[in-house]
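Below is one structure, written out as structure tokens; comments come after it.
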Amino acid sequence: MMTITMLRGPSNGQQRSKSAWKRCAMHTGESQRTRAKRLNATLNGQSRLELLASDLESKAVAAAATGDKAPDVTAVLRGLAALPFAFVLMESGHEIRQTLGDAIPDDQPMNAERLLHIQFFPQASFLIRSISRCSATVPGHTDAVLCLSFSPDARWLASGSGDRTVRLWDPDTQLPRVTLAGHQGWVLILAWSPDARWLASGSMDHTIRIWDVESELHSSHGQGIGCSEARSVLTGHRRWITALCWEPYHCSDGRCERLASASKDGTIRLWNIRTGRCERSLSGHRAGVTALRWSGRGILYSASQDCTIQAWDAQTGACLQVLQIHGHWVNTMALSSDYLLRCGAFTVDDETMNSSKVDGRHGIRARRLSVAEAADRLARLGAERLCAGSDDHTLSLITLEPDEHGDWSQARWRTTRLTGHQQLVNHVSFSPDGRWIASASFDKSVRLWNGFSGKHVTTFRQHVQAVYMCCWSADARLLASASKDSTVKVYDIRQGGLKRDLPGHADEVYAIDWSVDGRVAATGGKDCRLKLWR
Amino acid sequence: MPQGDYIEEFRKRFGERPDLSERERKRRAREPHKIAATSKELRGLKAKIFQRERFKDKVRLRKEEHLLKRGETLKKGKTSEDERLKNALPAYLLDREDAVRAKTLTNTIRQKRKEKGGKWDVPLPKVRPIPDDEVFRVVRTGKKSKQKEWKRMVTKVTFVGDGFTRRPPKYERFIRPMALRMRRANVTHPELKVTFSLDILGVKKNPSSSLYTQLGVITRGTIIEVNVSELGLVTTSGRVVWGKYAQVTNDPERDGTINAVMLI
């Protein structure tokens, strides 16, 4: 006989303690008592999942009687629930794909006393089709493409290059729209404001330029390729700009006017783009700042080459925490809410993805949100987790919580060390649902980790050169990586293997981005070409 | 002989001597006299070298003087900024330029395989043909020595593949000595100016004779195939390049190593 304990999935991610979970227990041993009992599981705090225990149980009993290992739990639950779920064995972290029997490792014998904890997660109800072909190779840049970014509403693609220009492309027609010239040096980093109106670009010439995309596109509408000047130039940094980050949509009450920038000179500056002034300069790092994240709770995280990660209060500019976790440069950071913060004022949810209603002019699949909706959406994701990748070949998973009084300066933080890479970690990224962490390393591998516990899940060793970046599809089922070996590879998370190998670039691929609605992905690299994949 | 830093040491302890500036001024004033005396004295090559330097100095002085008259300053050469603006790098690679770039093998350098007809656009187009008697030494075997002179010992460096099994000594016609067998070559990438130590996969062609090719004799000008799999080269179709050809540029049997240039 086997006991299955069903636990409520951590729908908001933070409830790790057993007591916090609502238990829906079912004992096949006590079948008489529980047969009539209904299983209630609350999901997302909203939709109610009702399961007929007896249905599930009768199968379990039947399976035990016939000597089968375990019943097909997933099929039963899938039939009952409207949403697709992922079921994970808590001990081993294995996902139950076909039957429970398949998921249980062979070296762990089953017996009647064994209690299995199964965790289940709602998954995106839409399915992103894997990119499979290069639909366009667009020349235009005259030097390597260094950064790429789709706008939060998935209407535009911006690319920054070594030829000192930023170009805006229309991913639908696959044509260039506007060339934004003005920088004196390589354009290293791009950031779209959450309302998709502004584009900020940071450059080697120590300046940040703000472009009013909406008016650019309107002024050049119908005229083909236009050329324009920056709305404002933010000067102040003394070395090149390494990272840019906009204030989250809901924190700014929908105004989207504050921008944080990090530079090689070790400072972080907060700008107000309406006034064009530097509000604050945060100087706490002793070496160049490499990554910047503005969390949904108004905390600014910065990673630096002085081996520390610092947390700042974005309002007052006070340094809240200095985390000395790593032994070498911290290269990259990711927040579990990255995807939502990036989408900002827009959403690509089940409704928009599944509906056939497509905006006639642009084919938008993103729906605009109110501030309250955006805040609510973020709150549902639960506590934010921060993952940092370092030159010391490890990653760290950090949770920062304020103390009982909500005081962040007394924040408690827990870290988990994620070891396994044999070379420095260049890029980490959380899956849109926050369940997985993918890390790209110079040891030619991409590793997949559990986003909650930090346990290693699998390694993708397909590249033959350093992997520079990785990015997720919106439904968190696919992962794409760009590498020095000039190829892009797409992995299937559920199958745990290579899904597509996409050669085509003639040289190193520096940047990759998958649009928030998942229709198209873009890559750019040393061969000066921009490639769109569908 | 280096005398140590006794002057600096003295100055640190006791300060400069009081008449230092006066002495230096005088030394500077005597400098042209000293130079004139040297230039009169020197003969031969030393004089040539000295005059060359002096000429350069004078050119520089004249230029400076000329610019000074026009109120300009001497222009510096190419700035490092310009140099750096050539090959753009993303933010995450900016600080590790040296470490990462050293091993770069770019893909834009296409692999051209001109196997057909054996036409090679090689760095060493002409090599001296090596006669048989230089490569092979006659080995006398057997008791009735004068008659049995049909074994040959190769006196050049050879490459012997992994799968080679010796034939029975009775039927063995060529001896390739263990001491002259080599498995690795130092291969230089001509465009990147980087050298790698790579495994040899085989001898593609020895220009002197097809027999040498068969035997794996490596002399100057020989085309060898080397294993580049660890360099991570990828063709545009996404496949990993495994073997690449290289031409030997030195005399391996004299140097004890094989130096080669990759053919691209």
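For residue B:165, indicate whether it is assigned by TED's automatic domain parsing to the domain that holds residue B:251 and without any contact (Cβ under 8 Å) to a residue 60 or more places away in the chain.
Taking the combined requirement at face value, the residue satisfies it.
Checking the structure you have, find out if any residue of the range A:63-74 is small (Gly, Ala, Ser) and either modelled with pLDDT of 70 or more or within 29 Å of the chain's Cα centre (by Cα) (or both). No, there is no match, as no residue in the range A:63-74 is small (Gly, Ala, Ser) and either modelled with pLDDT of 70 or more or within 29 Å of the chain's Cα centre (by Cα) (or both). Among the residues of the range A:201-260, those that are modelled with pLDDT of 90 or more, among the small types (Gly, Ala, Ser) and open to solvent by less than 20 Å² (accessible area, probe 1.4 Å) comprise A:201, A:202, A:203, A:243, A:260. Within the range A:481-502, the residues that satisfy the criterion of being in contact with a Pro (Cβ under 9 Å, 6 or more places away or on another chain) and polar (S, T, N, Q) are A:486, A:487. Can you find a residue in the range A:131-154 that is surrounded by fewer than 19 Cβ atoms within 10 Å (Cβ to Cβ), without any contact (Cβ under 8 Å) to a residue 24 or more places away in the chain and of a type outside the set (Val, Ile, Thr)? Within the range A:131-154 (the criterion being surrounded by fewer than 19 Cβ atoms within 10 Å (Cβ to Cβ), without any contact (Cβ under 8 Å) to a residue 24 or more places away in the chain and of a type outside the set (Val, Ile, Thr)), the answer is no, since none of the residues qualifies. Determine whether residue A:498 is surrounded by fewer than 22 Cβ atoms within 10 Å (Cβ to Cβ) and more than 8 Å from chain B (Cβ to nearest Cβ). Yes; evaluated as a whole, the condition is true for this residue. Among residues belonging to the range A:436-465 that are open to solvent by 10 Å² or more (accessible area, probe 1.4 Å) and within 19 Å of residue B:96 (Cα to Cα), point out the one that is nearest to the other protein chains (Cβ to nearest Cβ). Out of the qualifying residues, it is A:465. Return yes when residue A:302 is open to solvent by less than 10 Å² (accessible area, probe 1.4 Å), of a type in the set (Ser, Thr, Tyr) and in the same structural domain as residue A:209 (by TED's automatic domain parsing) and no when it is not. Judged against the criteria, residue A:302 is a match. Just to verify a result, which residue in the range A:113-130, among those that are among the hydrophobic types (A, V, I, L, M, F, W, C) and crowded, with 18+ Cβ neighbours inside 10 Å, is nearest to the other protein chains (Cβ to nearest Cβ)? It comes out as A:128.
Here A:482, A:511 are screened, and the one residue that is at the interface with chain B (Cβ under 10 Å from one of its Cβ atoms) and either in contact with a Cys (Cβ under 9 Å, 6 or more places away or on another chain) or surrounded by fewer than 23 Cβ atoms within 10 Å (Cβ to Cβ) (or both) is A:511.
For the range B:1-99, the helices (runs of 4 or more DSSP H) that sit wholly inside it and include 2 or more residues that are closer than 30 Å to residue A:509 by Cβ, at pLDDT below 90 and open to solvent by 90 Å² or more (accessible area, probe 1.4 Å) are B:80-84. For the range B:243-264, taking the residues that are open to solvent by 10 Å² or more (accessible area, probe 1.4 Å) and part of a helix (DSSP H, G or I), the one that is farthest from residue B:130 (Cα to Cα) is identified as B:255. Of all residues in the range A:86-112, those satisfying the criterion of being surrounded by fewer than 17 Cβ atoms within 10 Å (Cβ to Cβ), out of contact with any helix residue (DSSP H, G or I) (no Cβ under 7 Å at 6 or more places or on another chain) and either free of Cβ contacts under 8 Å to residues at least 40 places away in the same chain or assigned by TED's automatic domain parsing to the domain that holds residue A:458 (or both) are A:91, A:92, A:98, A:101, A:102, A:105, A:106, A:107, A:108, A:109, A:111.
Do we find a residue being surrounded by fewer than 17 Cβ atoms within 10 Å (Cβ to Cβ) and closer than 23 Å to residue B:177 by Cα anywhere in the range B:212-226?
Checking the range B:212-226: at least one residue is surrounded by fewer than 17 Cβ atoms within 10 Å (Cβ to Cβ) and closer than 23 Å to residue B:177 by Cα.
Cβ separations smaller than 8 Å between residues 6+ apart or across chains give the following pairs from the range B:50-67 residues that are over 17 Å from residue B:40 (Cβ atoms) and free of Cβ contacts under 8 Å to residues at least 24 places away in the same chain to residues that are hydrophobic (A, V, I, L, M, F, W, C) and open to solvent by less than 100 Å² (accessible area, probe 1.4 Å): B:63/B:74; B:64/B:74; B:67/B:74.
Looking at A:108, A:119, just one residue is of a type outside the set (A, V, I, L, M), over 18 Å from residue A:521 (Cα atoms) and part of a strand (DSSP E or B), and that residue is A:119. I'd like the residue in the range B:179-206 that is modelled with pLDDT under 90 and not in a strand (DSSP E or B) and, out of all such residues, is surrounded by the fewest Cβ atoms within 10 Å (Cβ to Cβ). Taking the candidates together, the pick is B:193. Of the residues making up the range A:160-206, just one is under 16 Å from residue A:216 (Cα atoms), within 26 Å of the chain's Cα centre (by Cα) and among the β-branched types (Val, Ile, Thr), namely A:166. If you go through the range B:227-242 and keep only what is facing chain A (nearest Cβ under 9 Å), touching a residue at least 40 places away in the same chain (Cβ under 8 Å), surrounded by 15 or more Cβ atoms within 10 Å (Cβ to Cβ) and assigned to a loop (DSSP other than H, G, I, E, B), you end up with B:232, B:233, B:236. Taking every residue in the range A:202-218 that is aromatic (Phe, Trp, Tyr) and pairing it with any residue that is modelled with pLDDT of 90 or more, at least 6 positions away or on another chain, the pairs with Cβ-Cβ distances below 6 Å are A:211/A:199.
Within the range A:261-283, the set of residues being among the hydrophobic types (A, V, I, L, M, F, W, C) and open to solvent by less than 20 Å² (accessible area, probe 1.4 Å) comprises A:262, A:268, A:270, A:271, A:273, A:282.
The set of residues from the range A:247-297 being within 14 Å of chain B (Cβ to nearest Cβ) and β-branched (Val, Ile, Thr) comprises A:289, A:290. The residues listed here are A:185, A:101, A:79, A:160; of these, the one that is modelled with pLDDT of 80 or more and either away from chain B (no Cβ under 14 Å) or assigned to a loop (DSSP other than H, G, I, E, B) (or both) is A:185.
Among the residues of the range A:315-333, how many are out of contact with any Gly (no Cβ under 6 Å at 6 or more places or on another chain), more than 14 Å from chain B (Cβ to nearest Cβ) and in a strand (DSSP E or B)? The qualifying residues number 4. Cβ separations smaller than 9 Å between residues 6+ apart or across chains give the following pairs from the range A:373-398 residues that are open to solvent by 10 Å² or more (accessible area, probe 1.4 Å) to residues that are basic (Lys, Arg): A:378/A:297; A:384/A:297; A:391/B:96; A:394/A:417.
The values are calculated or read from the model by the stated rules, or taken from the named source; none is laboratory data. Since this is a predicted model, take the numbers as computed values, not measurements. We place every Cβ from the backbone using ideal geometry, glycine too, and count neighbours over all the protein chains shown. Just so you know, the surface numbers come from the protein's heavy atoms only, side chains and all, with ligands and any DNA or RNA stripped out. Shrake-Rupley method; radii C 1.70, N 1.55, O 1.52, S 1.80 Å.
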